[in-house]
Amino acid sequence: MNKRTGVAVAMAAAAAALITGCGAGTATDTPGTTPVAENKPMVNKENWPKATPERGLAKGLSLPLEAYMQTYQDTVTLDQASRKLQEKCMADYGFSIELPLAGTTPPPNDNDANMERRYGLTDREAAARYGYGLPEALTNQVRQKMPELTDEQVQVLIGHSKPTKPTAPGAAPAAEPAPESYKGKKIHEGGCSGWAKDRLKQPTPEGLAFVSELNGNSFTESMRVPAVKQAMASWSQCMKAEGYAAATPFEATEIAPHAEGGTASKEEIAVALAEIDCKKKTDLVAVWFTEESKIQKAQIAEHQGRLNGARTQNSSAVAVADAELAG
(Lines give C-alpha, C1' and ligand atoms only; values in the text may rest on other atoms or scores of the structure.)
Protein backbone atom coordinates (compact mmCIF):
# COMPACT_ATOMS: atom_id res chain seq x y z
CA MET A 1 0.00 0.00 0.00
CA ASN A 2 1.55 3.34 -1.02
CA LYS A 3 1.51 6.41 1.18
CA ARG A 4 -1.36 8.02 -0.68
CA THR A 5 -3.60 5.05 0.05
CA GLY A 6 -2.19 4.78 3.55
CA VAL A 7 -3.15 8.35 4.39
CA ALA A 8 -6.77 7.73 3.44
CA VAL A 9 -6.87 4.50 5.42
CA ALA A 10 -5.33 6.19 8.46
CA MET A 11 -7.91 8.96 8.37
CA ALA A 12 -10.77 6.47 8.16
CA ALA A 13 -9.27 4.42 10.97
CA ALA A 14 -8.90 7.51 13.14
CA ALA A 15 -12.58 8.29 12.80
CA ALA A 16 -13.58 4.71 13.56
CA ALA A 17 -11.30 4.63 16.59
CA LEU A 18 -13.37 7.29 18.32
CA ILE A 19 -16.08 4.67 18.74
CA THR A 20 -14.33 1.31 18.51
CA GLY A 21 -11.32 2.47 20.52
CA CYS A 22 -13.49 3.65 23.38
CA GLY A 23 -15.71 0.62 23.05
CA ALA A 24 -12.77 -1.71 23.38
CA GLY A 25 -11.64 0.07 26.50
CA THR A 26 -8.07 0.47 25.29
CA ALA A 27 -5.82 3.50 25.05
CA THR A 28 -4.83 3.66 21.41
CA ASP A 29 -2.92 6.33 19.53
CA THR A 30 -4.69 7.70 16.48
CA PRO A 31 -3.04 5.97 13.48
CA GLY A 32 -0.71 7.93 11.23
CA THR A 33 -0.31 10.92 13.53
CA THR A 34 2.30 12.52 15.75
CA PRO A 35 2.22 13.89 19.30
CA VAL A 36 0.97 17.39 19.91
CA ALA A 37 3.78 19.94 20.15
CA GLU A 38 3.78 22.31 23.11
CA ASN A 39 1.33 25.18 22.57
CA LYS A 40 0.17 23.62 19.30
CA PRO A 41 -3.63 23.81 19.02
CA MET A 42 -5.40 20.47 18.97
CA VAL A 43 -7.90 21.75 16.41
CA ASN A 44 -6.33 23.93 13.72
CA LYS A 45 -9.03 25.14 11.37
CA GLU A 46 -6.40 26.54 9.02
CA ASN A 47 -5.72 22.94 7.99
CA TRP A 48 -9.36 22.14 7.33
CA PRO A 49 -10.29 21.63 3.66
CA LYS A 50 -11.89 24.56 1.88
CA ALA A 51 -15.48 24.43 0.66
CA THR A 52 -14.21 24.90 -2.92
CA PRO A 53 -10.65 24.72 -4.26
CA GLU A 54 -8.86 28.03 -3.98
CA ARG A 55 -6.02 27.32 -6.41
CA GLY A 56 -5.32 25.53 -9.64
CA LEU A 57 -7.48 24.33 -12.50
CA ALA A 58 -10.37 23.43 -10.18
CA LYS A 59 -10.40 26.83 -8.47
CA GLY A 60 -13.95 27.85 -7.56
CA LEU A 61 -15.52 24.71 -9.03
CA SER A 62 -18.44 23.11 -7.20
CA LEU A 63 -20.64 20.35 -8.61
CA PRO A 64 -24.45 20.59 -8.21
CA LEU A 65 -24.69 17.58 -5.88
CA GLU A 66 -22.34 19.22 -3.40
CA ALA A 67 -25.31 21.26 -2.17
CA TYR A 68 -26.71 18.00 -0.72
CA MET A 69 -23.48 16.61 0.80
CA GLN A 70 -22.31 16.72 4.38
CA THR A 71 -19.34 19.06 4.66
CA TYR A 72 -16.33 18.53 6.90
CA GLN A 73 -17.55 21.40 9.07
CA ASP A 74 -20.89 19.58 9.46
CA THR A 75 -19.12 16.36 10.35
CA VAL A 76 -16.99 18.01 13.02
CA THR A 77 -19.96 19.85 14.51
CA LEU A 78 -21.99 16.63 14.77
CA ASP A 79 -19.06 14.62 16.12
CA GLN A 80 -18.13 17.18 18.75
CA ALA A 81 -21.73 17.60 19.90
CA SER A 82 -22.05 13.83 20.12
CA ARG A 83 -18.95 13.62 22.29
CA LYS A 84 -20.24 16.37 24.58
CA LEU A 85 -23.56 14.58 24.99
CA GLN A 86 -21.87 11.23 25.62
CA GLU A 87 -19.69 12.77 28.33
CA LYS A 88 -22.76 14.39 29.92
CA CYS A 89 -24.64 11.10 29.79
CA MET A 90 -21.75 9.20 31.35
CA ALA A 91 -21.58 11.79 34.14
CA ASP A 92 -25.20 10.98 34.97
CA TYR A 93 -24.01 7.45 35.78
CA GLY A 94 -21.15 8.78 37.91
CA PHE A 95 -18.43 8.38 35.29
CA SER A 96 -16.09 11.23 34.38
CA ILE A 97 -14.55 10.57 30.97
CA GLU A 98 -13.00 12.81 28.35
CA LEU A 99 -13.45 11.71 24.75
CA PRO A 100 -11.07 12.87 21.97
CA LEU A 101 -11.80 16.16 20.24
CA ALA A 102 -13.25 16.18 16.74
CA GLY A 103 -11.58 18.11 13.92
CA THR A 104 -7.97 17.25 14.74
CA THR A 105 -7.37 15.05 11.69
CA PRO A 106 -8.89 16.83 8.67
CA PRO A 107 -9.14 15.00 5.34
CA PRO A 108 -7.82 16.49 2.07
CA ASN A 109 -11.31 17.28 0.76
CA ASP A 110 -14.38 19.00 2.18
CA ASN A 111 -16.94 16.46 0.95
CA ASP A 112 -17.43 13.37 -1.20
CA ALA A 113 -17.00 15.31 -4.44
CA ASN A 114 -13.25 15.70 -3.77
CA MET A 115 -13.03 18.51 -6.32
CA GLU A 116 -9.33 19.07 -5.66
CA ARG A 117 -8.52 15.69 -7.24
CA ARG A 118 -11.76 14.54 -8.77
CA TYR A 119 -10.25 14.80 -12.24
CA GLY A 120 -6.74 14.01 -11.10
CA LEU A 121 -4.24 16.62 -9.96
CA THR A 122 -5.23 20.25 -10.52
CA ASP A 123 -3.02 22.29 -8.17
CA ARG A 124 0.33 22.96 -9.85
CA GLU A 125 1.80 24.71 -6.82
CA ALA A 126 1.12 21.71 -4.59
CA ALA A 127 2.27 19.24 -7.27
CA ALA A 128 5.60 21.07 -7.64
CA ARG A 129 6.26 20.44 -3.96
CA TYR A 130 4.53 17.15 -3.14
CA GLY A 131 4.04 15.40 -6.46
CA TYR A 132 1.05 13.11 -5.91
CA GLY A 133 1.44 13.31 -2.14
CA LEU A 134 -0.28 15.45 0.47
CA PRO A 135 0.96 18.44 2.50
CA GLU A 136 2.58 17.86 5.88
CA ALA A 137 -0.50 19.29 7.60
CA LEU A 138 -2.46 16.25 6.41
CA THR A 139 0.22 13.62 6.90
CA ASN A 140 1.71 14.86 10.17
CA GLN A 141 -1.36 15.37 12.33
CA VAL A 142 -1.87 15.48 16.07
CA ARG A 143 -2.31 12.36 18.14
CA GLN A 144 -4.86 11.80 20.86
CA LYS A 145 -5.04 9.04 23.42
CA MET A 146 -8.19 7.00 23.63
CA PRO A 147 -9.51 6.76 27.22
CA GLU A 148 -9.07 3.51 29.09
CA LEU A 149 -12.53 2.36 30.13
CA THR A 150 -13.63 -0.26 32.62
CA ASP A 151 -16.05 -3.00 31.63
CA GLU A 152 -18.89 -1.12 33.32
CA GLN A 153 -18.03 2.14 31.53
CA VAL A 154 -18.00 0.38 28.17
CA GLN A 155 -21.41 -1.13 28.81
CA VAL A 156 -22.90 2.23 29.78
CA LEU A 157 -21.21 4.04 26.86
CA ILE A 158 -22.09 1.70 24.00
CA GLY A 159 -24.76 -0.62 25.39
CA HIS A 160 -22.78 -3.84 25.21
CA SER A 161 -19.60 -5.44 26.48
CA LYS A 162 -16.13 -5.08 25.09
CA PRO A 163 -15.98 -6.96 21.77
CA THR A 164 -13.90 -10.11 21.99
CA LYS A 165 -11.50 -11.26 19.32
CA PRO A 166 -13.06 -13.35 16.52
CA THR A 167 -12.81 -17.06 17.15
CA ALA A 168 -12.43 -17.88 13.46
CA PRO A 169 -11.14 -16.13 10.32
CA GLY A 170 -13.80 -13.82 8.91
CA ALA A 171 -15.97 -14.02 12.01
CA ALA A 172 -17.30 -10.83 13.57
CA PRO A 173 -16.16 -9.78 17.06
CA ALA A 174 -18.55 -11.05 19.70
CA ALA A 175 -20.10 -8.84 22.37
CA GLU A 176 -22.63 -9.38 25.14
CA PRO A 177 -25.55 -6.97 25.67
CA ALA A 178 -25.19 -4.62 28.62
CA PRO A 179 -27.34 -5.26 31.69
CA GLU A 180 -30.61 -3.34 31.86
CA SER A 181 -29.29 -0.94 34.46
CA TYR A 182 -26.19 0.27 36.25
CA LYS A 183 -26.56 0.91 39.99
CA GLY A 184 -30.30 1.18 39.58
CA LYS A 185 -30.21 3.59 36.62
CA LYS A 186 -31.50 2.18 33.32
CA ILE A 187 -28.91 1.98 30.56
CA HIS A 188 -30.00 3.60 27.33
CA GLU A 189 -30.51 1.45 24.26
CA GLY A 190 -27.18 1.65 22.47
CA GLY A 191 -25.68 3.18 25.59
CA CYS A 192 -24.81 6.84 25.94
CA SER A 193 -23.57 6.86 22.34
CA GLY A 194 -26.99 5.70 21.13
CA TRP A 195 -28.69 8.27 23.35
CA ALA A 196 -26.51 11.05 21.92
CA LYS A 197 -27.28 9.94 18.37
CA ASP A 198 -31.02 10.02 19.06
CA ARG A 199 -30.75 13.41 20.78
CA LEU A 200 -29.01 14.92 17.74
CA LYS A 201 -31.35 13.22 15.28
CA GLN A 202 -28.35 12.32 13.18
CA PRO A 203 -29.01 12.04 9.43
CA THR A 204 -29.61 8.48 8.33
CA PRO A 205 -26.69 6.72 6.63
CA GLU A 206 -29.06 5.82 3.79
CA GLY A 207 -29.63 9.48 2.91
CA LEU A 208 -25.95 10.37 2.84
CA ALA A 209 -25.12 7.15 1.00
CA PHE A 210 -27.68 7.95 -1.70
CA VAL A 211 -26.02 11.30 -2.41
CA SER A 212 -22.64 9.57 -2.56
CA GLU A 213 -24.04 6.93 -4.90
CA LEU A 214 -25.32 9.57 -7.31
CA ASN A 215 -21.99 11.35 -7.06
CA GLY A 216 -20.14 8.18 -8.03
CA ASN A 217 -22.55 7.38 -10.84
CA SER A 218 -22.21 10.84 -12.37
CA PHE A 219 -18.44 10.52 -12.41
CA THR A 220 -18.55 7.12 -14.11
CA GLU A 221 -21.13 8.30 -16.63
CA SER A 222 -19.18 11.47 -17.41
CA MET A 223 -16.21 9.44 -18.59
CA ARG A 224 -18.39 8.02 -21.37
CA VAL A 225 -19.51 11.43 -22.68
CA PRO A 226 -18.01 12.08 -26.16
CA ALA A 227 -16.73 15.54 -25.25
CA VAL A 228 -14.90 14.16 -22.22
CA LYS A 229 -13.51 11.21 -24.17
CA GLN A 230 -12.21 13.58 -26.82
CA ALA A 231 -10.60 15.89 -24.25
CA MET A 232 -9.12 12.86 -22.48
CA ALA A 233 -7.63 11.59 -25.74
CA SER A 234 -6.08 15.01 -26.36
CA TRP A 235 -4.67 15.00 -22.86
CA SER A 236 -3.22 11.52 -23.42
CA GLN A 237 -1.56 12.68 -26.63
CA CYS A 238 -0.10 15.66 -24.80
CA MET A 239 1.31 13.35 -22.14
CA LYS A 240 2.77 11.13 -24.85
CA ALA A 241 4.54 14.14 -26.32
CA GLU A 242 6.02 14.74 -22.87
CA GLY A 243 7.28 11.15 -22.79
CA TYR A 244 4.57 9.57 -20.64
CA ALA A 245 2.04 6.89 -21.59
CA ALA A 246 -1.26 7.28 -19.76
CA ALA A 247 -4.80 6.96 -21.09
CA THR A 248 -6.35 8.72 -18.06
CA PRO A 249 -5.04 10.97 -15.28
CA PHE A 250 -5.53 8.11 -12.83
CA GLU A 251 -2.94 6.04 -14.65
CA ALA A 252 -0.38 8.85 -14.44
CA THR A 253 0.14 8.36 -10.70
CA GLU A 254 1.70 4.94 -11.34
CA ILE A 255 4.21 6.14 -13.93
CA ALA A 256 6.88 7.45 -11.57
CA PRO A 257 8.04 5.50 -8.50
CA HIS A 258 7.09 7.02 -5.17
CA ALA A 259 10.00 7.78 -2.88
CA GLU A 260 10.19 6.18 0.55
CA GLY A 261 9.49 8.39 3.54
CA GLY A 262 6.84 10.48 1.83
CA THR A 263 9.17 12.84 -0.04
CA ALA A 264 8.24 13.11 -3.70
CA SER A 265 10.99 12.18 -6.15
CA LYS A 266 11.99 14.46 -9.03
CA GLU A 267 10.50 11.93 -11.43
CA GLU A 268 7.17 11.92 -9.57
CA ILE A 269 7.02 15.71 -9.55
CA ALA A 270 7.84 15.82 -13.26
CA VAL A 271 4.91 13.50 -14.07
CA ALA A 272 2.58 15.44 -11.79
CA LEU A 273 3.45 18.75 -13.45
CA ALA A 274 3.11 17.27 -16.92
CA GLU A 275 -0.33 15.93 -16.00
CA ILE A 276 -1.51 19.37 -14.90
CA ASP A 277 0.10 21.26 -17.77
CA CYS A 278 -1.51 18.92 -20.30
CA LYS A 279 -4.89 19.42 -18.63
CA LYS A 280 -4.49 23.16 -19.00
CA LYS A 281 -3.53 22.85 -22.67
CA THR A 282 -6.49 20.60 -23.48
CA ASP A 283 -9.09 22.17 -21.13
CA LEU A 284 -9.75 18.68 -19.78
CA VAL A 285 -10.87 19.83 -16.32
CA ALA A 286 -13.21 22.51 -17.68
CA VAL A 287 -14.77 20.15 -20.23
CA TRP A 288 -15.13 17.33 -17.71
CA PHE A 289 -16.65 19.57 -15.06
CA THR A 290 -19.15 21.05 -17.53
CA GLU A 291 -20.33 17.66 -18.75
CA GLU A 292 -20.57 16.11 -15.30
CA SER A 293 -22.49 19.15 -14.03
CA LYS A 294 -25.11 18.46 -16.73
CA ILE A 295 -25.40 14.86 -15.55
CA GLN A 296 -25.78 15.87 -11.91
CA LYS A 297 -28.44 18.47 -12.71
CA ALA A 298 -30.44 15.71 -14.40
CA GLN A 299 -29.94 13.46 -11.35
CA ILE A 300 -31.18 16.21 -9.05
CA ALA A 301 -34.27 16.80 -11.19
CA GLU A 302 -35.07 13.08 -11.08
CA HIS A 303 -34.49 12.62 -7.34
CA GLN A 304 -35.25 16.10 -6.00
CA GLY A 305 -37.55 14.94 -3.20
CA ARG A 306 -35.19 12.34 -1.82
CA LEU A 307 -32.22 14.70 -2.04
CA ASN A 308 -34.12 17.48 -0.30
CA GLY A 309 -34.96 15.04 2.48
CA ALA A 310 -31.32 14.07 2.95
CA ARG A 311 -30.24 17.72 3.02
CA THR A 312 -32.98 18.66 5.51
CA GLN A 313 -32.01 15.79 7.80
CA ASN A 314 -28.40 16.91 7.80
CA SER A 315 -29.06 20.63 8.28
CA SER A 316 -31.54 19.93 11.09
CA ALA A 317 -29.05 17.70 12.90
CA VAL A 318 -26.31 20.31 12.53
CA ALA A 319 -28.64 22.97 13.96
CA VAL A 320 -29.35 20.77 16.99
CA ALA A 321 -25.62 20.09 17.38
CA ASP A 322 -24.83 23.81 17.23
CA ALA A 323 -27.37 24.43 19.97
CA GLU A 324 -25.89 21.66 22.14
CA LEU A 325 -22.38 23.06 21.74
CA ALA A 326 -23.55 26.58 22.53
CA GLY A 327 -25.42 25.47 25.64
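The values are calculated or read from the model by the stated rules, or taken from the named source; none is laboratory data. It should be emphasised that the depicted structure is a prediction, and the values quoted were computed from it without experimental measurement. Here the Cβ is made from the backbone with ideal geometry for all residues, glycine too, and neighbour counts use every protein chain on show.
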Per the filter on segment 257-278, residues small (Gly, Ala, Ser) and either at pLDDT 95 or above or within 18 Å of residue 122 (Cβ to Cβ) (or both) are 264, 270, 272, 274
Only one of 42, 1 is surrounded by fewer than 16 Cβ atoms within 10 Å (Cβ to Cβ) and at pLDDT below 50, namely 1
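Quick grid of which residues meet (1) farther than 24 Å from residue 126 by Cβ; (2) in contact with a Lys or Arg (Cβ under 7 Å, 6 or more places away or on another chain):
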{"position": "242", "(1), (2)": "no, no"}
{"position": "246", "(1), (2)": "no, no"}
{"position": "254", "(1), (2)": "no, no"}
{"position": "294", "(1), (2)": "yes, no"}
{"position": "310", "(1), (2)": "yes, no"}
{"position": "316", "(1), (2)": "yes, yes"}
Those residues of segment 60-79 which are touching a residue at least 60 places away in the same chain (Cβ under 8 Å) and farther than 22 Å from residue 140 by Cα amount to 61, 63, 64, 65, 67, 68, 69, 70, 74, 77, 78
- Query: Quick one: would you say residue 252 is under 24 Å from the mean Cα position of the chain (by Cα) and over 30 Å from residue 314 (Cβ atoms)?
  - Reply: yes
Restricted to segment 135-145 and to residues being modelled with pLDDT of 80 or more and buried (at least 18 other Cβ atoms within 10 Å of the Cβ), the residue nearest to residue 92 (Cα to Cα) is 144
The number of residues in segment 107-134 that are over 14 Å from the mean Cα position of the chain (by Cα), part of a loop (DSSP other than H, G, I, E, B) and crowded, with 22+ Cβ neighbours inside 10 Å is 6
Practice task
Inspect segment 64-83 for any residue being surrounded by fewer than 16 Cβ atoms within 10 Å (Cβ to Cβ) and part of a loop (DSSP other than H, G, I, E, B) and give the result as yes or no.
Solution key: no
Just one listed residue, out of 189, 176, is closer than 30 Å to residue 85 by Cβ and in contact with a strand residue (DSSP E or B) (Cβ under 8 Å, 6 or more places away or on another chain), and it is 176
Any residue that is touching a Phe, Trp or Tyr at 6+ places or on another chain (Cβ under 6 Å) and within 30 Å of residue 291 (Cβ to Cβ) - is there at least one of those in segment 107-118? yes
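Yes or no, residue by residue, for (1) under 17 Å from the mean Cα position of the chain (by Cα); (2) under 27 Å from residue 275 (Cα atoms):
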position	(1), (2)
201	no, no
207	yes, no
210	yes, no
213	yes, no
226	no, yes
239	no, yes
Checklist entry - Quick check: anything in segment 253-275 touching a residue at least 24 places away in the same chain (Cβ under 8 Å), on the phi > 0 side of the Ramachandran plot and surrounded by 14 or more Cβ atoms within 10 Å (Cβ to Cβ)? => result yes
Of (1) part of a loop (DSSP other than H, G, I, E, B); (2) more than 26 Å from residue 283 (Cβ to Cβ); (3) touching a helix residue (DSSP H, G or I) at 6+ places or on another chain (Cβ under 8 Å), residue 104 fails just (3)
If we keep only residues of segment 276-299 that are within 25 Å of the chain's Cα centre (by Cα) and surrounded by 18 or more Cβ atoms within 10 Å (Cβ to Cβ), then the residue farthest from residue 57 (Cα to Cα) is 299
Hey, residue 96 touching a residue at least 12 places away in the same chain (Cβ under 8 Å), surrounded by fewer than 20 Cβ atoms within 10 Å (Cβ to Cβ) and out of contact with any Phe, Trp or Tyr (no Cβ under 7 Å at 6 or more places or on another chain) or not: no
